[in-house]
Amino acid sequence: MPEALVIVDFQNDFTPGGALAVPDGDRVAARLNELAASGAYDLIVATRDWHPPDHGSFSAQGGIWPEHCVAGTSGAELHPELDAARVDVIVDKGRDPSTEGYSGFDGTDLAAILRARGIDKVTVAGLATDYCVRATALDALREGFAVTLDTAGSRGIDAKPGDIERSLDEVRAAGGEVR
């Protein structure tokens, strides 16, 4: 079964020192690089939040998040510890100021890219487990892909205690594998 690795939002703004840092977000680098180098994947995709400066999720626009991952800024770039040479495709999401863009499938051509390569299964990992990783895994399942969410390569924020575990349970309940 042809398989893709989808690395979700491993970007500077989501790691320590960034505008919207995920606790220990930088600690996924080794696992993501291990997965990418494993030879187990026919395609490696990295998603990026790639917001316009007036994105509706920003608190200045009435949203709940601080300004983060503004297109073209260093905060929006992939984290330097990711071996980006192994990434085949970068998919930018969250470009529409009126949508959250949590999922790598939301407003992108990710599903078409995967189908064009004959991909049937995706492993999803990255930041943050309880937001963009969760949304990407659930949308992959809705799109008909078999999904594994790799917890060792993911970190969450747990805004409300238990959010991460609830997100993993939701992926399991939808038919995904969590390991």
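The values are calculated or read from the model by the stated rules, or taken from the named source; none is laboratory data. Values in this document were obtained by computation on a predicted structure and should not be read as measured data. All Cβ positions, even for glycine, are placed from backbone atoms using ideal geometry, and neighbour counts span all protein chains on display. Accessible surface areas use protein heavy atoms only, side chains included; no ligands, DNA or RNA. Shrake-Rupley method; radii C 1.70, N 1.55, O 1.52, S 1.80 Å.
The residue pairs whose first member lies in segment 152-179 and is modelled with pLDDT of 95 or more and surrounded by fewer than 12 Cβ atoms within 10 Å (Cβ to Cβ), whose second member is in a helix (DSSP H, G or I) and of a type in the set (Lys, Arg), and whose beta carbons are closer than 9 Å, counting only pairs six or more residues apart or on different chains, are 160/166. Tell me, please, whether a residue that is in contact with a helix residue (DSSP H, G or I) (Cβ under 7 Å, 6 or more places away or on another chain), on the phi > 0 side of the Ramachandran plot, open to solvent by less than 10 Å² (accessible area, probe 1.4 Å) and assigned to a loop (DSSP other than H, G, I, E, B) can be found in segment 103-121. Scanning segment 103-121 turns up no residue that is in contact with a helix residue (DSSP H, G or I) (Cβ under 7 Å, 6 or more places away or on another chain), on the phi > 0 side of the Ramachandran plot, open to solvent by less than 10 Å² (accessible area, probe 1.4 Å) and assigned to a loop (DSSP other than H, G, I, E, B).
Among residues of segment 60-102 being surrounded by 18 or more Cβ atoms within 10 Å (Cβ to Cβ) and without any contact (Cβ under 8 Å) to a residue 40 or more places away in the chain, the one that is farthest from the chain's Cα centre (by Cα) is 70. In segment 21-31, the condition of being outside any loop (DSSP other than H, G, I, E, B), open to solvent by less than 10 Å² (accessible area, probe 1.4 Å) and under 17 Å from residue 148 (Cβ atoms) is met by at least one residue. Every listed requirement among (1) small (Gly, Ala, Ser); (2) over 18 Å from residue 176 (Cβ atoms); (3) in a helix (DSSP H, G or I); (4) open to solvent by less than 50 Å² (accessible area, probe 1.4 Å) is met by residue 140 save one, (2).
Per-residue answers, yes or no, for (1) touching a Lys or Arg at 6+ places or on another chain (Cβ under 6 Å); (2) among the small types (Gly, Ala, Ser); (3) over 17 Å from residue 154 (Cα atoms); (4) in a strand (DSSP E or B):
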position	(1), (2), (3), (4)
7	no, no, no, yes
16	no, no, no, no
44	yes, no, no, yes
48	no, no, no, yes
60	no, yes, yes, no
63	no, yes, yes, no
